[in-house]
Amino acid sequence: MDIELRNIHKRFGPVHANNDISVVFPAGRITGILGENGAGKSTLMKILSGYQPADRGDILVDGEASRFSSPEDAIEEGIGMLQQDPLDVGAFTTLENFVYGRPERVLPDWQAARKDLEEASAHLGFDLEAEAPVERMSIALRQQLEIVRLLALGVKALILDEPTTGISAEQKQTLFAALQQLAHRDGVIILLVSHKLEDVITLCDKVVVLRDGRRIGEEDMPAPGETDPATLEKIKSQLVHLMFGQELGPHVRLDVPLDKVVLQLDNLNLRDRRLQIENLNLSLRQGEVVGLAGLDNSGQGLTMRAICGLESVSSGRVLLEGEDMTNRSYRSFLHRGVVFGAAGRLEEGLIAGLTLTEHMALVRSERAVLDWPALESYTRDSLKHYDVRGEAEDRIEQLSGGNQQRVLMALLPANPQLLILEQPTRGLDVESARWIWQQLLERREGGTAILFSSAELDELVAYSDRILVFHAGRVHEVSDVAATTIDELGYLIGGEFKQV
Amino acid sequence: MNVEFLNTLASVVANATPLVIASIGETITERAGVINLSLNGSLIVTAMAGFIAARVISFGVDVDAIDMIASAEAGLIGGVLVAMLVGALVALIIALSSIELRLDQVTVGFILTLLMADLAQFLGQEYTRIPGPVVPKWPVPLLQDLPLLGPVFFQQNVLVYLSYILVIGLWFWLFRTRPGMAHRAIGERPEAAYARGTNVNRLRYVYVVLGGALVGVAGAAYSLHFKPGLSNPPAMQGDGWIALAIVIFGGWHPFRVVLGAWLFAALRAVSSDIQKNGLSVLGQTIEFNFVLLNGLPWLMLIVTLLLVSSGAIERLLLLLPGPVQRRMRSVLRSDPPRAIGTTFEVD
């Protein structure tokens, strides 16, 4: 099967999300769709998989024009999409999810379905268990389930939306191996939507780059197993050039003098339901930036929350400028100039339903009776200063992720002692991320110490003075960040402490 | 076994029947992701409608007629059907307002429950405290002679048997059939249901209206048998709230829902027995404030909710061996349908 998109247009109000995009996806090839946030990748894929209609343009399947008005129609034509958060039912078992949506009779043939599921799972090297409840499965397993399910429905073109977010390196290998097998042996069309250069270079045969809703260009990728660093670097810079229209400049580390100790952790012991951290020691000085690396849920979140009173400390001490603050409330930390920013912007950091002015009032106003006109004009000024695309009276959830993060920056106090930030640039495009760091580094020059976690190695290496790598609650410190390599960090994150 | 004890059990099963039917109806609705909070009012208004319809069909419009010889069968069937229709209409208001108008389901349900109760009082005035047809006992041939089970379960009336069929039928539907999976999916994750070709909102209409119709049957079960006739205040006042609580207690699972309803009826029987005869243990009469006993079911509900939300049940599950664990999980799972109370829209 071949798929061709011809002159696809899609508008959302004033935004031209897809502007005259034409592209061909041949059978048996893995094509990467690359672009920064808002480039139009998701829109294009939603059109192709029946979740949204295009305003204009044609989808040709084997040369014949097709129109889909629902995802079911698209699957009928052999096109299925794996969403970033797999569209399964948590309360169902693996088998139930597999069966639901199949053209079965009122009483499904469970035995036959189970056999199909197990065979398909084994065929792709997956590890699916028919009776496992989906709500207790990892994202990686749920992806495997969706892939197996879609293929069983006869899908010949599989779209994957950012599938490597939230899965481990090992799980990624399993996934990529399965996708390569599907494309190159079974002739399936694979479309990988991603903003991760590494992933598209490793996996894809060809990469199509979108920018501002337009198709900017196309690059053939090197053969799998290409290790020559010069070749890889060259392709990377070509792709970056296509994505952003310019190459990323090298990051210059500011030479801020490190002053007195702000935070000291003294034999800290922490535990939550899943993991345990023993005897953590750390001292952080004014103007210092320490990055926390590791896979999700390796202990970074627990540590950051314990440091500012949001999780309890089992034993050991948290000292703030020499004063024992162990197990004090977040409020008392806040009074001392310690601010925590959670990864879940809308879940923990901001309050959906409140306007930007109301957010500002919560942090800036000390008075019982609010002076709305003053707050409003203050909010307008700071929106302008922080270059937020939004109005003072907008509700926070109406803003895009990047603008929400900017609002969070605007809400921070001007000169905090210590900023504890969980994945401060998660889900942001490179430009927004860089802007956020510019703001953070300005505060650092004023003497603020920063502790942040990130999933991006580049970001950790670019901004940290030291890096703490977490693996299942164990912590390893990388003190000479300039000399570290991706390999070293990769080993540490994977728990291979001995290899270093 | 003591005959008197078996009789007590039989009456517990009988008295629980309207609660079973109403909470099964509500389970159907909530499993589809919609909450019908009008239950208390719906029960009262359908009891009224069912009774009046049954009486009019059997004896004519004259409220003074006491011709009890007339065949009541047509009246009873007509009464139940009218009650179903009224229950379905109330539910249709909930469905329309939440699916079409995107109004808050809790608010609409609350208003309806108050409105329907008052409406029933007003429309039923003429028919209050007069006799009407009553659903007769109909022991099931063969089954009624089973030891123990026969006298408790199978010497009842048709409505009681209907409640058994509903419980087992709903379980089979939800957990064994393909349309049943779609039913659960629209209450859990409508986006996933849509992606599999399920028409979420149309199905929600179907299940909300069906659930409402069953609430109507429950209402008719009160006025045509278990608390015959109409009274002021209504005899089933408060039972709608209890049915809503039983659905939660039952973790949206038909088997646990029916257990909850029976347990509740049993506690009620015990408390009314103590009210009548006092409590005596080993020949000693114990002074007891029986009003406290009325609170017992609520205490039970709170303890259950605590067990569920503390994760104790989950930890208990993990102690069981794998295959047993899987079987028990669907019965013991106590999370509400995830999408309950939310609207679904294709973007």
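The values are calculated or read from the model by the stated rules, or taken from the named source; none is laboratory data. Note that this is a predicted model, so its numbers are computed, not measured. Neighbour counts run over all protein chains shown; Cβ positions are idealised from the backbone, glycine included. Calculation scope for accessible area: heavy atoms of the full protein, side chains included, ligands and nucleic acids excluded. Shrake-Rupley method; radii C 1.70, N 1.55, O 1.52, S 1.80 Å.
All conditions in (1) open to solvent by less than 30 Å² (accessible area, probe 1.4 Å); (2) more than 30 Å from B:M48 (Cα to Cα) hold for B:A265, with the sole exception of (2). Figure legend. Inter-residue proximity from segment A:133-153: first residues under 12 Å from A:Q83 (Cβ atoms), second residues open to solvent by 40 Å² or more (accessible area, probe 1.4 Å), beta-carbon distance below 6 Å, spacing 6+ or different chains. Indicated pairs: A:I139/A:G166. Scanning segment B:164-189 for residues that are facing chain A (nearest Cβ under 10 Å) and of a type outside the set (G, A, S) turns up B:F172, B:W173, B:F175, B:R176, B:T177, B:R178, B:P179, B:M181, B:R184, B:I186, B:E188, B:R189. Applying the criterion of being within 14 Å of another protein chain (Cβ to nearest Cβ) and not in a loop (DSSP other than H, G, I, E, B) to the residues of segment A:49-78, the residue that is most open to solvent (accessible area, probe 1.4 Å) is A:E76. Scanning segment A:259-268 for residues that are under 30 Å from A:G287 (Cβ atoms), surrounded by fewer than 19 Cβ atoms within 10 Å (Cβ to Cβ) and at pLDDT below 80 turns up at least one hit. For segment A:172-199, a residue qualifies if it is closer than 22 Å to A:D458 by Cα, part of a helix (DSSP H, G or I) and in contact with a Lys or Arg (Cβ under 7 Å, 6 or more places away or on another chain), and exactly one does: A:L197. Somewhere in segment A:451-458, is a residue part of a loop (DSSP other than H, G, I, E, B), surrounded by fewer than 20 Cβ atoms within 10 Å (Cβ to Cβ) and modelled with pLDDT under 80? Yes, because at least one residue in segment A:451-458 is part of a loop (DSSP other than H, G, I, E, B), surrounded by fewer than 20 Cβ atoms within 10 Å (Cβ to Cβ) and modelled with pLDDT under 80. Take the conditions (1) under 29 Å from A:L210 (Cβ atoms); (2) open to solvent by 20 Å² or more (accessible area, probe 1.4 Å); (3) of a type in the set (G, A, S); A:A343 misses just one of them, which is (2).
Consider segment A:128-157 and keep the residues that are among the acidic types (D, E) and assigned to a helix (DSSP H, G or I). The one that is most open to solvent (accessible area, probe 1.4 Å) is A:E135.
Among the residues of segment A:90-125, write down those that are away from every other protein chain (no Cβ under 11 Å), under 17 Å from A:I147 (Cβ atoms) and open to solvent by 20 Å² or more (accessible area, probe 1.4 Å). A:D116, A:E118, A:E119, A:A120, A:A122, A:H123, A:G125, listed by residue number. Every test in (1) touching a Ser or Thr at 6+ places or on another chain (Cβ under 6 Å); (2) open to solvent by 60 Å² or more (accessible area, probe 1.4 Å) is passed by A:R364 save one, and that test is (1).
Run down B:L149, B:L143, B:L159, B:L214 and say which single residue is more than 14 Å from chain A (Cβ to nearest Cβ), in contact with an Asp or Glu (Cβ under 9 Å, 6 or more places away or on another chain) and open to solvent by 10 Å² or more (accessible area, probe 1.4 Å).
Within the list B:L149, B:L143, B:L159, B:L214, the selection yields B:L214.
So that you can scan it fast, the table gives a plain yes or no per residue for (1) within 13 Å of another protein chain (Cβ to nearest Cβ); (2) under 24 Å from B:A47 (Cα atoms); (3) free of Cβ contacts under 8 Å to residues at least 60 places away in the same chain; (4) touching a helix residue (DSSP H, G or I) at 6+ places or on another chain (Cβ under 7 Å):
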{"site": "B:D239", "(1), (2), (3), (4)": "no, yes, no, yes"}
{"site": "B:A243", "(1), (2), (3), (4)": "no, yes, no, yes"}
{"site": "B:F255", "(1), (2), (3), (4)": "no, no, no, yes"}
{"site": "B:N294", "(1), (2), (3), (4)": "no, yes, yes, yes"}
{"site": "B:I313", "(1), (2), (3), (4)": "no, no, yes, yes"}
{"site": "B:G322", "(1), (2), (3), (4)": "yes, no, yes, no"}
